[in-house]
Amino acid sequence: MNKTIALPYPEQAADSSLGKTAGLTLIGFGLLGLLVAAFGSGVIDPVLTGLGGITALTIGGLIYIWQRRTELSEAHQNNGAWTESATSRGAIAWVVGIVLTGFYILLYWFPDSLQGLTRAMEPLSQWLRNRPADQWFLYGTFYTLAVLVMGVHALLKYRNNRYHIIRTLSVMFFQLGFAFLLPALLLYLNQPEFYFSYFWPLKYDYLFPGTVSYLVQNGQALGVFMIFWGAVLSFLATPVLTYFYGKRWYCSWVCGCGGLAETAGDPYRHLSDKRRVAWRWEVAIIYPILGFIIITTLLLWINSWSEGRLLGELSGGFSSTYGFFIGAIFSGVIGVGFYPIMGNRVWCRFGCPMAAYLGLLQKHFSRFRITTNGGQCISCGNCSTYCEMGIDVRGYAQQGQPIIRASCVGCGICAHVCPRGVLKLENGPREGRYAASPLIKREDLNLLS
Amino acid sequence: MQQDRHLVIIGNGIAGITLAQHVRRHSSMRITIISAESAVHFSRTALMYVYMGHMRLQDITPYEDWYWREHNLELVHDYVEQIDFGQKLLHLRQGQPLKYDTLVLATGSVPAFFNWPGQQLKGVQGLNSLQDLELMQQQTQGINRAVVVGGGLIGIEMAEMLQSRGIAVTMLVREKLNWQNILPWEEALLVSRHLQAHGIELLLEDELEEILQDEQGNARAVRTIKGKEIACQFVGIATGVLPNVAFLQNSVLELDRGILVNEYFETSIADVYAIGDCAQFRNPTPPAPAVEQLWYTGRQHGETLASTLLGTRTAYDRGPWFNSAKFMDIEYQTYGYVPNQLPPELDSLYWQHKSGRKAIRLVYERNTQKLTGLNLLGVRYRHDLCHHWLRQGYTLKEALAELPAANFDPEFFRKFEHEIMAQYQQRFPDQPLPEKQQQNNWWNLRSKFKLATGSKKH
């Protein structure tokens, strides 16, 4: 055996502060441009400042992200997550949270106040959709950009893991293609706006009688296809895909809400509440919401068939109440606005009816589980800490048990941050699905009840 | 064991806590756990992640406060000054004396210092306890150069921690390469190169002579036995750990390096047991060491002693060795017997990826081709299956037939088992491996060999 060794002198890490400064400078100009577009549109044409600002923000953001992520080795990507102000509920986190929340409040209740920014989108909207920009187009553009730019962030952060690279590319693709370009194209072709990547019960109104008749009347054959597509995805594809792959096929590969959470929300994943009391709130809120949607949908159909005689305005009131409280306040304001405070999956965990539906399927009719590798767990807690759904993954792993939980979106980050490679997402036979490793004796003292 | 006895456990590490949990599962006896270090159980192995900001202290405590309350496990945060074995009485620093019927010592380890001149200086410390972590947080504020003494697991962890704060690190390694007293040459070389690629300077085949001080009594440099002087403001001591038994030094309990126990963890005094890092087996079976200082062995000690305390006197059987670690971003797993230098009767198949970040080694007996152990770097294998191979005395060829099922890497990862198989084929051309067998997938093997227990929902 070779007993002498010439080891190369350690390479010095390249100084990346220049690149970061350049990136931050561009981000600063970008924000300034957006600010001027929002409030100075009477003085300066907002198209220049607004679109210019977005461009500067995007490029600056990408430069900064590139420098920041590549200067850290793969194992150090979570350095400072719990000590830096922006990601540990510090001052920066509150500023970001308030700005995001404020934006959602303006968007939902005071859209006129966003006129400057909306006007800035005019050329883009005309080009993509052949119609004037509105606040929802502005929102969609911001949303998609957030998924794409922060998608690059996630790609670099998890660059040594092919599962996360492919998964991240998938959510970027579905947001850009299915939730942004395709609906715009439909409008361009004077067809009804439709999101092929959202289904009932998340997009609850897609199976409401009003939407169905609207699509049939305005979309003709395409409209019928859209209804067919939505129904098939909700009632056939969802159970089948969830049976084979777990709810992850949707929540962390396709869904736009999940897509934003996995990209823009990724730096906040550790903020999710892991306490047992949080789990109790979760089951107490999310299943009633699913029930509420099912009842509302049924009521609306009963009402539609009886031509309003049976229930009158009751069902309509049901659905508009839901739209306000759940659609606007929960999914937008709390779901995204509170990212820096409560973590990136608050909506998915406590509010999303699709997640509830998928969760029931995953728990009871699926081949998916996260396997624990024998007796290798060291109870360090990285898995639980970085679980965006607040699952105490460690509670299972340290007992050698597989993790089979309705809420698990299968993002796979627990398996990635585990320093001993103890966790693996896999699909296997349902027989013995709950069986655990014989290499740990279990004490079976309950953690959830 | 009678339900009215009082079980007192000194130490709330993995050994003591595992014991308490397993006893509680089958018994309602009074259980008290005493620790001077921490009010509640935490994961010692996770201290480094708190330092690097990946987690907070509350994140490395595996159980919420209600857990102890609901399961009636009494926690005492105090220091045991003295044990009166005759009266079965514990004298605490703050609280009232505590009477026990059964006593379990699970006091863990302390860092080993070897009387170097200057080892008491400010800025010199080991990393083992919560207090060590707090001290390290303070002592590394605003510094830019550190030396870590020892190239093993804790040493590499300390180097990684320091480096995460932008502190330049030099490691002083007694062996020719990092952890070469444990790892075979190729693995040790892979790890050492990886550390260097991450900017950690290695000073190989050199040892600490003394630590030099400045006017304020802080460490300012170390001098090595080869006479090299390295300026630094912090010296991490990672030259192993010793059983934490100093407080028992003047007692009647029989000690050597640790508390002497038999295979039932019984000490020289009736109703007194010792488990985990602080225990030393009187008659270990080679190659098992007399003192086992791992998270995993601590847990296994706790599981075994629980059976005894619950009425079934059970001898400790560690089973095939296993361990795991992480060197920066390269995971390491080992199963079975893989010595750092293969004796003539052993040989191995070794594959290494050209990136220098993945490796697989299968060690076997030359004569019988019996598999003795595996080393894995940057590749994950299934513990349950490797354990099965070693327990059942698989030959190399038998194990290779099931090798693809052992891979535990995430979905979409590239697999390299065929590389090892090709090596086998090259070395033993007259013993062809069976064609790829569909029934050898993991799920089939798992049910065939019963590598899973219970199917109860949790």
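The values are calculated or read from the model by the stated rules, or taken from the named source; none is laboratory data. On a predicted model such as this, the values are computed, not experimentally measured, just so you know. As a convention, Cβ positions derive from the backbone with ideal geometry for all residues, glycine included, and neighbour counts pool all protein chains shown. Please note that ligands, DNA and RNA were not included when accessible areas were found on the heavy atoms of the full protein model with its side chains. Shrake-Rupley method; radii C 1.70, N 1.55, O 1.52, S 1.80 Å.
Brief remarks on what is shown
- Scanning the stretch B:227-235 turns up at least one residue that is in the same structural domain as B:L133 (by TED's automatic domain parsing) and aromatic (F, W, Y).
- Check on A:I403, closer than 30 Å to B:L385 by Cα, β-branched (V, I, T), more than 8 Å from every other protein chain (Cβ to nearest Cβ) and free of Cβ contacts under 8 Å to residues at least 60 places away in the same chain: yes
- Residues that are within 26 Å of A:N161 (Cβ to Cβ) and assigned to a loop (DSSP other than H, G, I, E, B), drawn from the stretch B:366-396: B:G378, B:V379, B:R380, B:R382
- Residues satisfying the stated conditions in the stretch B:408-433, i.e. part of a helix (DSSP H, G or I) and touching a residue at least 12 places away in the same chain (Cβ under 8 Å): B:E417, B:E419, B:I420, B:M421, B:Q423, B:Y424, B:R427
- Check on B:Y381, open to solvent by less than 20 Å² (accessible area, probe 1.4 Å), farther than 15 Å from A:Q376 by Cα and among the hydroxyl-bearing types (S, T, Y): no
- Some residue of the stretch B:232-241 being over 28 Å from the mean Cα position of the chain (by Cα) and closer than 30 Å to B:G142 by Cβ: yes
- Within the stretch B:1-31, the set of residues being surrounded by fewer than 18 Cβ atoms within 10 Å (Cβ to Cβ) and either part of a helix (DSSP H, G or I) or touching a residue at least 60 places away in the same chain (Cβ under 8 Å) (or both) comprises B:M1, B:R5, B:H6, B:R25, B:H26.
- Residues being over 27 Å from A:S320 (Cα atoms), open to solvent by 40 Å² or more (accessible area, probe 1.4 Å) and of a type outside the set (D, E, K, R) - total across the stretch A:100-135: 5
- Among the residues of the stretch B:248-264, the ones that are under 30 Å from B:G311 (Cβ atoms) and either more than 28 Å from the chain's Cα centre (by Cα) or touching a residue at least 60 places away in the same chain (Cβ under 8 Å) (or both) come to 5 in all.
- Unmet criterion (only one of (1) within 20 Å of A:I378 (Cα to Cα); (2) in a loop (DSSP other than H, G, I, E, B); (3) touching a residue at least 40 places away in the same chain (Cβ under 8 Å)) for B:E292: (3)
- Of the helices (runs of 4 or more DSSP H) lying entirely inside the stretch A:252-344, those containing at least 3 residues that are over 19 Å from A:F199 (Cβ atoms) and open to solvent by 20 Å² or more (accessible area, probe 1.4 Å) are A:276-305, A:314-322.
- Consider the stretch A:328-387 and keep the residues that are in contact with a strand residue (DSSP E or B) (Cβ under 7 Å, 6 or more places away or on another chain) and more than 30 Å from B:G336 (Cβ to Cβ). The one that is farthest from the other protein chains (Cβ to nearest Cβ) is A:Q362.
- All positions within the stretch B:368-415 that are within 14 Å of chain A (Cβ to nearest Cβ) and of a type in the set (F, W, Y): B:Y381, B:W389, B:F408, B:F412, B:F413
- Residue in the stretch A:9-60 that is modelled with the lowest pLDDT, counting only those that are open to solvent by less than 80 Å² (accessible area, probe 1.4 Å) and within 14 Å of chain B (Cβ to nearest Cβ): A:P10
- Scanning the stretch B:308-336 for residues that are outside any strand (DSSP E or B) and within 21 Å of B:F413 (Cβ to Cβ) returns B:M328, B:D329.
- Considering each residue of the stretch B:337-345 in turn, none proves to be touching a strand residue (DSSP E or B) at 6+ places or on another chain (Cβ under 9 Å), in a strand (DSSP E or B), surrounded by 16 or more Cβ atoms within 10 Å (Cβ to Cβ) and modelled with pLDDT of 95 or more.
- Residues considered: B:E215, B:E175. Of these, the only one that is within 14 Å of chain A (Cβ to nearest Cβ) and either crowded, with 21+ Cβ neighbours inside 10 Å or assigned to a loop (DSSP other than H, G, I, E, B) (or both) is B:E175.
- Residue ID - farthest from B:Q3 (Cα to Cα), chosen from residues in the stretch B:308-330 that are in contact with a strand residue (DSSP E or B) (Cβ under 7 Å, 6 or more places away or on another chain) and open to solvent by 20 Å² or more (accessible area, probe 1.4 Å): B:K326
- Filter result for A:S379 (in contact (Cβ under 8 Å) with a residue 12 or more places away in the chain and on the phi > 0 side of the Ramachandran plot): yes
- Hits in the stretch B:349-367 (condition: of a type in the set (G, A, S) and either crowded, with 21+ Cβ neighbours inside 10 Å or more than 13 Å from chain A (Cβ to nearest Cβ) (or both)): B:A359
- Entry remark, the stretch B:270-285: residues being part of a loop (DSSP other than H, G, I, E, B) and open to solvent by 10 Å² or more (accessible area, probe 1.4 Å) number 6 in total.
- Near pairs, Cβ below 6 angstrom, 6+ apart or cross-chain, from the stretch B:219-232 (in a strand (DSSP E or B)) to any residue that is open to solvent by 10 Å² or more (accessible area, probe 1.4 Å) and aromatic (F, W, Y): none
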